[in-house]
Structure formats: C-alpha cells, structure tokens
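The values are calculated or read from the model by the stated rules, or taken from the named source; none is laboratory data. Treat the numbers as computed from the prediction; the structure is a model and nothing was measured. Cβ sites come from the backbone with ideal geometry, for glycine too, and all protein chains shown count toward neighbours. With ligands, DNA and RNA removed, areas are computed over all heavy atoms of the protein, side chains included. Shrake-Rupley method; radii C 1.70, N 1.55, O 1.52, S 1.80 Å.
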Amino acid sequence: MNAVSRHWDPVQGTISVETDDISQIKTGITLPAPVRRFLPIAALAAMLWTFVQGFLSDRFPFIPVAVTTVLFGAFIFAAELENEDGRKTLRRVRLARQKGWTYTGKLMERVMAYQTAWSSDGAERRAQRVKSERARAVEALVPELTKLQVGAFMGAEFDGEFWGKSTKDDLPFWMAIGAMQMEAGLAADKSLREDAHGGKGGFGVFFSLLGAYRIGRKTGVRAVIRPENLVNRGPLDRDIKTESVQFNAAFNITGTAKSGDENAVEHDILRILTPATQATMLDLLQRYHNVGFVVDDDVLFFMAQDRLVGRNANPDRIDTLLAGIAADFEEAKFAIKRYVE
C-alpha cells in the first residue's frame, strides 16, 4: 500500500496524493509500430468498403461485413493484448519511485456526464465521457499554454501527473503529461515525419507536457512567453520586444502586473528575460517542437509539445524521456531565479 503524500500544487495550493497501486496490473506486450498503425486504418477502410457495397448493391455485403468484423475484432484484441494504460501506469510509478516523486493518473481520468437532449420524440437522457474537474482546472490555470492557439500550437490533453522536489534547491514542482497517436504519412511538411531523437516515419506519438516550478522569489509580474502566432506579422506584431531578433521571431511576449506599477510591466518582464534566460529558452525550442512559458510571480509554468516517430513511435519512449525533460526546463527556472536573487 502506498502512503499518502502532501505536496505543493499549482491548482489547489496543497494536495494529498497517493501513488497509483501497480500490484495488480498486468504487464502486457508492445506490438510493433507497423501493426499498431495498420489495424485502425484497415478497420476504417473495411468499414468504408462496407458502406459503399451496401449502397451500390441490392444484396447484403457479406464479405465486407465479415472483413470489417474481423479487423475491428483484431484491433480490440490488440489493444487488450498491449494493455497500454496498464504499462503506462507501471512505467510512471516506477519512475516516480526512482526519483522520490508521487504519481497518479486518477485525477485526470474522464468521468461520465449525463445530458438531456431534445428531439421530435421528446427528451432523451444521454451519457458521455467528459474531462474531469481536475483536468478542466489545469487547463484554466494557464490557458495561454493549454488551449489551442491557431497558427501557434495544438491544445493539450493530459492523462497523468507527477509531484516532487528539485534535487538542486529542494523547491517543489508539478508536471502533467498526455499523449496521442499521430499519422503524418501524407503530410506535405517532411519535418513532421522526423523527430529530434533520430526517428523517421509517418506514424508516431504526439505528447504534451505542462509543468510548474516554484522559483522561490517573487517577480511581481505575470509574464507570458508563448510560441509566436503565425498570423501576428507586420502591423499586428505588437507584443513586447527584446533586443534579440531571434527571440522575438520565436516567441510572443505579453504580461500584467501582480504587484507594483502596471506601467512598469514591460520593463520588469524585460529584466526577467536576460540574455541568459533567452538563450536557455531558445535552446529548449531547438530541442522540442513547441515550448512556452508563464512566469506567474514566484512560479514558472512551462509547456512542451513534441513528437516521436518511426522507431521511437512507442509510448514507452515518452516516459523514458520524462526525467530529462524536467531537468531541461528546470534550467529555465534557474535562469530566472538568478535574476530575482
């Protein structure tokens, strides 16, 4: 039985969490990426074949229906065989134990919601799975880094959370992560079929990560440094500017005062964004597909989105990178902390 631990939490202030129990979880197996890629595509293609045959023929499409049934059955069986949710929990709990962290995916699990829908036949009560209250609260915490920004980055979906402490200054941190399969085989942009870890291919996994570090010092501002929106060009490009052309092209910078003079916000944000801080953030942008930051007084929020394709197109690979990702973004915290000290 895992002990309940109490942690600093950016949503609730403090939270009591118990690491997920893995004693009854079956390991499952990892199917080759081509198999995981083929089954859903083949099942959907067979279903389309069934619709076409049913529309064009007066007879019942026995063969298409049989093929569709077999392929969907194989898809469901493969999912059970892999037990991805169970293997994901095993990996993350083991990482948490190794690092002295706490992990749970329970707070991010979707919940059943019932809604009343009206039709010509009257009222009908329908059930659907929706985001949990915790997931919605996390998104609302820093919407600048979690909501879809057209021309900048995709919205984030999370399925697990970590709590722990920095090994360098013993200050607390929190991190949420989520992943989904992606298919870029027909993408015009060839860069979508490559990742930063040597993988190449059209099938992969796209992951989002949101974290928060306590800085340990108050900055007095809420500074938002997020990916530059592609539509903000020319006269529409009116955000705060640093002396770095490269940094200005990569990030959109805005902010408000948490305390002090609102007229001094721009000056205070530019003092935070020292050349060393900018270099750290640009380096992270080189390593990951998308990155963004929110400095909310004494807390640094960070967002990273990236993809793993080809030989790396395996959810197991994401979790092996987690500790390194956390350490990478911790450098941004120390760059800011050095300024406020």
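Find all pairs meeting these conditions: Cβ atoms under 8 angstrom apart; at least six residues apart or on different chains; first residue within the stretch 95-116 and among the basic types (K, R); second residue not in a helix (DSSP H, G or I).
R97/T19; K99/G164; K106/D20; R110/R129; R110/V130; R110/K131; R110/S132
Here is a list of conditions, (1) at pLDDT 85 or above; (2) part of a helix (DSSP H, G or I), and Y103 meets all of them except one; can you say which number that is?
It fails just one condition, (2).
For a quick check of your reading of the model, give me the residue pairs whose first member lies in the stretch 6-28 and is without any contact (Cβ under 8 Å) to a residue 12 or more places away in the chain and closer than 20 Å to A137 by Cα, whose second is of a type in the set (V, I, T) and surrounded by fewer than 16 Cβ atoms within 10 Å (Cβ to Cβ), with beta-carbon atoms closer than 8 Å and at least 6 apart or on different chains.
As it stands, the answer is R6/T14, since those pairs meet every condition given.
Residues being open to solvent by 40 Å² or more (accessible area, probe 1.4 Å) and under 15 Å from K106 (Cα atoms): count how many of those fall in the stretch 6-20. Steps first, answer last, please.
Our first condition is that a residue be open to solvent by 40 Å² or more (accessible area, probe 1.4 Å); within the stretch 6-20, this holds for 6, 8, 11-12, 14, 16, 18.
So of that shortlist, the ones also under 15 Å from K106 (Cα atoms) come out as 16, 18.
Here the count works out to 2.
Among A96, A42, A74, which is the only one that is at pLDDT 85 or above, open to solvent by less than 90 Å² (accessible area, probe 1.4 Å) and either assigned to a helix (DSSP H, G or I) or hydrophobic (A, V, I, L, M, F, W, C) (or both)? So that I can check it myself, show each step before the final result.
Values: A42 fails: at pLDDT 85 or above; A74 fails: at pLDDT 85 or above.
Testing whether each residue is at pLDDT 85 or above, open to solvent by less than 90 Å² (accessible area, probe 1.4 Å) and either assigned to a helix (DSSP H, G or I) or hydrophobic (A, V, I, L, M, F, W, C) (or both) leaves just A96.
Within the stretch 111-148, how many residues are modelled with pLDDT of 70 or more, of a type in the set (S, T, Y), surrounded by fewer than 19 Cβ atoms within 10 Å (Cβ to Cβ) and not in a loop (DSSP other than H, G, I, E, B)?
Residues flagged as modelled with pLDDT of 70 or more, of a type in the set (S, T, Y), surrounded by fewer than 19 Cβ atoms within 10 Å (Cβ to Cβ) and not in a loop (DSSP other than H, G, I, E, B) within the stretch 111-148 amount to 1.
When you check F60 against the structure, is it over 30 Å from E161 (Cβ atoms), aromatic (F, W, Y) and surrounded by fewer than 16 Cβ atoms within 10 Å (Cβ to Cβ), yes or no? Even if it seems obvious, please write down each step before you answer.
Values: over 30 Å from E161 (Cβ atoms): yes; aromatic (F, W, Y): yes; surrounded by fewer than 16 Cβ atoms within 10 Å (Cβ to Cβ): yes.
For F60, the condition - over 30 Å from E161 (Cβ atoms), aromatic (F, W, Y) and surrounded by fewer than 16 Cβ atoms within 10 Å (Cβ to Cβ) - is met.
What pairs come out if I take residues in the stretch 239-260 that are free of Cβ contacts under 8 Å to residues at least 60 places away in the same chain and pair them with residues that are open to solvent by 60 Å² or more (accessible area, probe 1.4 Å) whose C-beta lies under 6 Å away, six or more apart or interchain?
I240/E266; N248/K241
With the requirement that a residue be in a helix (DSSP H, G or I) and open to solvent by less than 60 Å² (accessible area, probe 1.4 Å), what does the stretch 77-93 give you? Before you say what the answer is, go through the steps one by one.
Narrowing the stretch 77-93 to residues in a helix (DSSP H, G or I): 77-82, 84-93.
Within the stretch 77-93, A78, A79, E82, E84, G86, R87, K88, T89, L90, R91, R92, V93 qualify.
Can you tell me which residue in the stretch 149-183 is modelled with the lowest pLDDT, limited to those that are within 23 Å of E228 (Cα to Cα) and either acidic (D, E) or more than 12 Å from the chain's Cα centre (by Cα) (or both)?
Checked the stretch 149-183; the qualifying residue modelled with the lowest pLDDT is G151.
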